[in-house]
Amino acid sequence: MKTPKFSQSRVVAERDPHSRRSFLRKSGLGLAAAGLFLAGCEDDDDPIMFDNTVNLGSGDVAVLNYAFALEQLEAAFYAQVLQGGYFASASAEEKQIMTDLEAHERAHAEFFQAAISSVATAIPALEVDFSSIDFDSRASVLGTAQAFEDLGVSAYNGAGRLLTNPDFLLIAGKIVSVEARHAAAIRSINSNSPRAFASSEVVDSNGLDLARTPSQVLGIAGTYITTPIDASGLPQ
Amino acid sequence: MKLLHLFNEFERGANGSAPQLTTRREAFGQIGRTVGKAATLALPLAAFLKPNHVHAQTSGDSIIDVLNFALTLEYLEAEYYAMGLDANGLLTGDIRETIALIGDHEAAHVEFLKSAISGSGGTPVDKPEFDFTAGGNFNNVFSNQTIFLAIAQAFEDTGVRAYKGQAANLMGNKDVLTAALQIHSVEARHASEIRRIRGSKGWITNAENTTGAGAADAVYAGEDNVMQLGFNVTTVTQVNRNHITEAWDEPLNKSEVLGIASLFLED
């Protein structure tokens, strides 16, 4: 099945603002158990959201916090996938993939929490809004997973140049290739095409994967991350 | 130019140390055994586990050296897939489509790197002569799809590790670094797909060599590392150790990569 590219994602177009509260009532416990805090949905109509603004910091730390934010988004998503109807009825192969991806992203997020905290201030748990995603729908889950994994790959690819510490660059490299392995696997099961894993949607005529700037990435991720993020300290 | 000579030039240019080349007799003498190869071809595992040890940094290679090293690996991959696609009846159906796309990417990488090297004032190295039978150890590489895909997996997983190991050497040119990262993640997409076609997970668990060829143990040596930035990741998350090793890919340094690639050189 064909999935729209992230910027035109169907799951975004189908957002239903009224579904969020009931969704969270049902699922909040599972997410809390995954160590990820979701709250603030009642603030939807409150224009004063900027009180919650999270600052990424500056320099290399800001880049690491930026990565941490994306890993939080992915980890929260897969934690919810494992609670949903799609996963319950998924094939053995797809269950294995979703189980693995949930574990990998949670490990990434918890690693960043520990590593950043040891040298600076790690951003807190971000609030996310997945009301646009139908976790009972295979198409919705796989379409979102594909968008998140491709987004993660492009984010790390674009952020490498912002780092000055080679140890941090190496860490980013160790993680981005796993995100790319994820992206290929999700793309493969989300399509009948044997070329979907690295199609021209994500790999250009020079054989290069996507690279996105933080502002591009955060603009896309902002559909799901409701906590305002101040990225002004990120290196240019 | 013989690749071995090329490698020696790379290494002289780098730090004067001899490359860790391995003869085929050494590498294949014990095919099927799971011990020995990693120790022969790779740094001791302890080197990977030492906190703050970074293979990638401070080898002193110039950016053009790194790009020529990458070009050599891309030559190997591009020729391998081109020969596979030319082999009568080897690749059919969906697998042929997949390999054709991967082959297109590798050929594009060759051209891209040549342009980048020339554009930086360097001279692209010539394509070496390859022997994909590895001295007669894989005589059916282009007639047996199982063997062909197993070696493809080893090449792709090696490519991922090779680019990762060189990233820090490209920090002086941010555009080149970004392009290298963009190639690196494409190699990872390739690796995932080929692994999954072969029935493996798309990611590497511990240091498991799922190719079925003992000679490829070096491709996976050190992938079981759980020390990241000095943290033992098993102590900061409830995620189990197998999953942790899957969640971080590990680099190889140039000597380690050349040790693997040298098995496929024309004598």
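The values are calculated or read from the model by the stated rules, or taken from the named source; none is laboratory data. The shown structure was predicted, so the numbers you read here are calculated from the model rather than taken from an experiment. FYI the Cβ positions are ideal-geometry reconstructions off the backbone, even for glycines, and counts take in every protein chain you see. To get the accessible areas, we keep the full protein, side chains included, count just its heavy atoms, and leave off ligands, DNA and RNA. Shrake-Rupley method; radii C 1.70, N 1.55, O 1.52, S 1.80 Å.
Spacing of the modelled spin labels on B:Ala87 and A:Gln216, each 7 Å from Cα toward Cβ, amounts to 3.8 nm. Spin-label model, B:Thr133/A:Val119: points 7 Å from Cα along the beta carbon direction are separated by 5.1 nm. Surface burial for A against B, with a 1.4 Å probe and both sides summed, reaches about 5000 Å² of accessible area.
Between the listed residues B:Thr211, B:Val226, B:Gly172, the Cα displaced farthest toward the positive end of the dipole of segment B:146-228, a dipole computed from Cβ unit charges relative to the Cα centre, is found at B:Gly172. Placing +1 on the Cβ of every Lys and Arg and -1 on the Cβ of every Asp and Glu, with no other charges, gives segment B:187-267 a dipole of roughly 360 debye about its Cα centre. When the C-alpha to C-alpha distance is required to be over 24 Å, the pairs from B:Lys127/B:Lys174; A:Lys174/B:Lys127; B:Lys174/B:Lys254; B:Lys127/B:Lys254; A:Lys174/B:Lys254; B:Lys114/B:Lys174 that qualify are B:Lys127/B:Lys174; A:Lys174/B:Lys127. Counting only aspartates and glutamates at least 8 places from A:Lys95 when in the same chain, those with an alpha carbon closer than 16 Å to its own are A:Glu105, A:Asp136. Using alpha carbon centroids, what distance separates segment A:111-175 and segment B:132-159, in Å? After rounding, the separation between the Cα centres reads 35 Å. Decide, for segment A:45-140, between rounded, prolate and oblate: order the square roots of the alpha carbon gyration tensor eigenvalues as a ≥ b ≥ c, take rounded if a/c falls under 1.5, and otherwise choose prolate if a/b is larger than b/c, else oblate. The shape class here is oblate.
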